[in-house]
1. Could you check the stretch 189-206 and list, in sequence order, the residues that are closer than 16 Å to MET80 by Cβ and either surrounded by 14 or more Cβ atoms within 10 Å (Cβ to Cβ) or not assigned by TED's automatic domain parsing to the domain that holds HIS255 (or both)?
2. Does the stretch 329-340 contain any residue that is among the basic types (Lys, Arg), surrounded by fewer than 22 Cβ atoms within 10 Å (Cβ to Cβ) and farther than 27 Å from LEU427 by Cα?
3. With the structure loaded, tell me whether ASP49 is in contact with a helix residue (DSSP H, G or I) (Cβ under 9 Å, 6 or more places away or on another chain) and not assigned by TED's automatic domain parsing to the domain that holds PHE251 or whether it fails that test.
4. Inspect the stretch 264-277 for any residue being over 19 Å from VAL355 (Cα atoms), crowded, with 23+ Cβ neighbours inside 10 Å and not hydroxyl-bearing (Ser, Thr, Tyr) and give the result as yes or no.
5. Would you mind stating whether CYS120 is in the same structural domain as GLU23 (by TED's automatic domain parsing) and either under 29 Å from GLY245 (Cβ atoms) or in a helix (DSSP H, G or I) (or both)?
6. Listed residues ASP128, ASP136; which is in a loop (DSSP other than H, G, I, E, B), touching a strand residue (DSSP E or B) at 6+ places or on another chain (Cβ under 7 Å) and surrounded by fewer than 18 Cβ atoms within 10 Å (Cβ to Cβ)?
7. Taking the condition of being of a type outside the set (Ser, Thr, Tyr), part of a strand (DSSP E or B) and in contact with a helix residue (DSSP H, G or I) (Cβ under 9 Å, 6 or more places away or on another chain), how many residues in the stretch 72-114 meet it?
8. Go through the stretch 165-183 and count every residue that is touching a residue at least 40 places away in the same chain (Cβ under 8 Å), surrounded by fewer than 17 Cβ atoms within 10 Å (Cβ to Cβ) and of a type outside the set (Asp, Glu).
Amino acid sequence: MAGSCLARQLKLKHPDMNIVQIERKTEFAPWVGESTLESFWDYAVRHLDLGHYLDTHHLYKHGLRFFFDSPKRDLPIERMSEAGRSWFHGTPSHQLDRKRFDTDMCEMNRALGVDVRLGCKVKGIELDVDHGHLVDTSQGRFRCTYLVDAAGFASPLGRKLNLIESLDHRHPVSAYWARFKHTANLDLLGDMEWRSRVCHTSRFLSTVHFMYRGYWIWVIPLNKDTVSIGVTMKTDMTNLDIKDGHAFIQFLHTHQCMRQLITPHTEIQGFHRMKRLARRAKQTYSTQRWFLTGMAAAFMDPLLSPGSAFLSDTNRMIGDLIATDRAGRSTEYADKVIAYNNYSRFWFESFLLHVRGNYHGIYDLHRVHFQALLMHCEHGRNSDQFWDIELGKEVMKHTRTSGRHLNKNEIASVENQMLRISYRQALTRMAEIEGISCNENTMETAVNLLMSNDGKSDLASGLELLRNEPADQGFSLAEAVAA
C-alpha cells in the first residue's frame with residue numbers, strides 16, 4: 001500500500017521520472033491496513049488524486065468507536081459503555097478493502113506509466129549513490145537513482161543495513177484476524193433509544209473496538225456483506241494461542257458481544273496471525289538517496305489505526321526530499337534528512353507512549369488517554385457516556401505543507417510544549433478519578449518523567465508516582481479541579 005501510493009505520488013509530481021514498482025505477489029489478498037485516518041484522506045486527495053475513487057469504491061468510515069464490557073464479558077453491546085461519534089465529520093476517512101485497493105492501485109499506476117512488476121522477487125541490493133543503486137530481481141536487474149523499501153516486515157534494505165529494531169521488549173503485541181461474511185448489522189441492534197443516542201448515525205461504518213484488559217477486538221466493515229474481525233493482545237498481560245479459524249471463533253464466542261455479531265449464518269474467510277508487531281527502522285531517510293516507508297519503516301500497533309497516518313507523512317517527506325534533491329539543493333536536502341528522521345522518530349515515540357497505556361479496558365481511563373492524544377480533541381456534544389472525536393485542522397499542519405516548515409527547533413519548542421500540557425491534563429484527570437492527592441512538585445516530577453522519553457515511562461508509571469505521594473504532603477487534585 002505504501003509503495004503503490006508513493007509510486008503514484010511521484011509519477012503525478014514528476015511525469016518524466018521512470019518508476020519501477022516491484023511487487024513480490026502475483027495477486028493481492030485481503031490484508032491489514034483497512035482502517036484509515038483523516039490524514040490519509042488528506043494525503044490521498046492532495047497528492048494521489050484519489051478522492052473520487054475512495055468515495056465510490058470504499059466505505060466511508062464513521063470514526064473510531066470504543067465499547068467497554070463487564071469483567072465477565074457478558075454485556076450485550078447496547079448495554080456497554082461507549083465512546084464514539086454521533087455526527088459525521090467534515091473531513092472524511094475510509095475503510096479500505098485492501099484486496100481491491102491494492103489491485104486497483106497497480107492498474108491505475110500502470111495507466112500513469114509506472115512499470116509495475118508483479119511476481120517479482122528481490123534477490124539482492126547494491127547501494128551506489130554515485131552511479132545508481134542496483135536491485136537484482138527475479139525479473140532482471142534495475143539501476144535507480146532513488147531506492148525506496150516499502151516491502152513491509154520483509155524489508156530487504158532494512159535487513160541489509162541492519163536497520164530493523166524490534167520493540168517487543170517495550171510493547172509486546174501480537175494479532176489474529178479473519179474476514180467474516182454475513183455478520184449481524186450493528187446498526188440493527190438495540191432499540192430506537194439506543195440508536196438515537198448517536199443521532200441515528202451508523203455505528204456499523206465505524207472502526208469498532210471492544211476493549212478488554214490486555215487485549216482488544218476490532219470490527220471493520222469492508223463492504224455491505226463482509227467485515228474484518230481481529231484481536232490484538234499485549235503478550236505480557238494475556239497470551240492467547242489461537243491455532244486456526246475454528247479456534248478463533250471459539251475465542252470470540254466467549255464474549256457476548258461477539259455472539260451477537262457472529263451468528264450461525266456467518267461465514268469465516270481466511271485466518272491470519274502476526275507476532276511481535278512493534279518494530280521500527282533506526283533510520284528512515286538517507287542522504288545516500290535511499291528511504292523506507294510503510295511497515296518497512298515502522299509499525300507499533302493497530303490500535304487507533306496509526307499506520308495510514310504514518311505512511312502519509314513518510315511518503316510526503318520522501319517526495320519532498322526527492323524534489324529537493326532533483327532541484328540541486330544539496331545542503332537543504334541534507335538538512336531535511338536530519339529533520340525528517342527526527343520528526344518520524346518523535347511521531348512514533350509520542351504515539352507509542354499513548355498506545356502502551358491503553359490496554360486497561362476501563363472506560364474512564366480510556367477517555368483520559370484520548371484527551372492526551374495530540375491528534376484528537378474531545379467535543380462535548382453529548383452526555384458523560386458519549387463523546388465525539390474531531391481531527392482539528394492544526395493537526396495536519398505538517399502534512400499539508402509536506403514538512404517544508406519542519407525542523408528540529410520547531411519540534412522541540414512546539415511539540416514538546418503540547419506534550420507537556422497534555423500529560424499534565426491526563427495525569428490530573430486520572431488522579432481525580434482515583435481520588436489521589438499529591439503536591440505540585442510531585443506532579444511536575446511525574447510530567448518530567450513522561451517527557452524524558454526513556455522508553456520505559458507511560459501514563460501508568462506517572463500515575464504510580466502520584467499514587468505513592470504521602471497523603472499529608474499533598475492536596476486533592478479533584479478538589480483543585482473543582483475549584
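1. Residues of the stretch 189-206 that are closer than 16 Å to MET80 by Cβ, as a first pass: 189-191, 193-195, 197-198, 203-204, 206.
Selection gives LEU189, GLY190, TRP194, ARG195, ARG197, VAL198, ARG203, PHE204, SER206.
2. The first filter runs over the stretch 329-340 and keeps only residues among the basic types (Lys, Arg), leaving 329, 336.
Add one more test, that the residue is surrounded by fewer than 22 Cβ atoms within 10 Å (Cβ to Cβ), and what stays is 329.
If we keep only those that are farther than 27 Å from LEU427 by Cα as well, we get 329.
Yes; the residues of the stretch 329-340 include at least one that is among the basic types (Lys, Arg), surrounded by fewer than 22 Cβ atoms within 10 Å (Cβ to Cβ) and farther than 27 Å from LEU427 by Cα.
3. Working: in contact with a helix residue (DSSP H, G or I) (Cβ under 9 Å, 6 or more places away or on another chain): yes; not assigned by TED's automatic domain parsing to the domain that holds PHE251: yes.
Here the answer is yes, as ASP49 does meet what is asked.
4. If we filter the stretch 264-277 for residues that are over 19 Å from VAL355 (Cα atoms), which is where we start, we get 264-273.
Then drop every residue that is not crowded, with 23+ Cβ neighbours inside 10 Å, which leaves none.
Taking every residue of the stretch 264-277 in turn, none turns out to be over 19 Å from VAL355 (Cα atoms), crowded, with 23+ Cβ neighbours inside 10 Å and not hydroxyl-bearing (Ser, Thr, Tyr).
5. Numbers: in the same structural domain as GLU23 (by TED's automatic domain parsing): yes; either under 29 Å from GLY245 (Cβ atoms) or in a helix (DSSP H, G or I) (or both): no.
Answer is no for this residue.
6. Details: ASP136 fails: in a loop (DSSP other than H, G, I, E, B).
The unique qualifying residue is ASP128.
7. Initial filter on the stretch 72-114 (of a type outside the set (Ser, Thr, Tyr)): 72-80, 82-85, 87-90, 92, 94-102, 104-114.
From what is left, the residues that are part of a strand (DSSP E or B) are 82-83, 94-95.
Of the ones still in play, those that are also in contact with a helix residue (DSSP H, G or I) (Cβ under 9 Å, 6 or more places away or on another chain) are 82-83, 94.
Residues in the stretch 72-114 being of a type outside the set (Ser, Thr, Tyr), part of a strand (DSSP E or B) and in contact with a helix residue (DSSP H, G or I) (Cβ under 9 Å, 6 or more places away or on another chain): 3 in total.
8. So the count comes out to 4.
The values are calculated or read from the model by the stated rules, or taken from the named source; none is laboratory data. Nothing here was measured: the structure is a model prediction, and the numbers come from that model. Glycine gets a Cβ as well: all are built from the backbone with ideal geometry, and neighbour counts include every protein chain shown.
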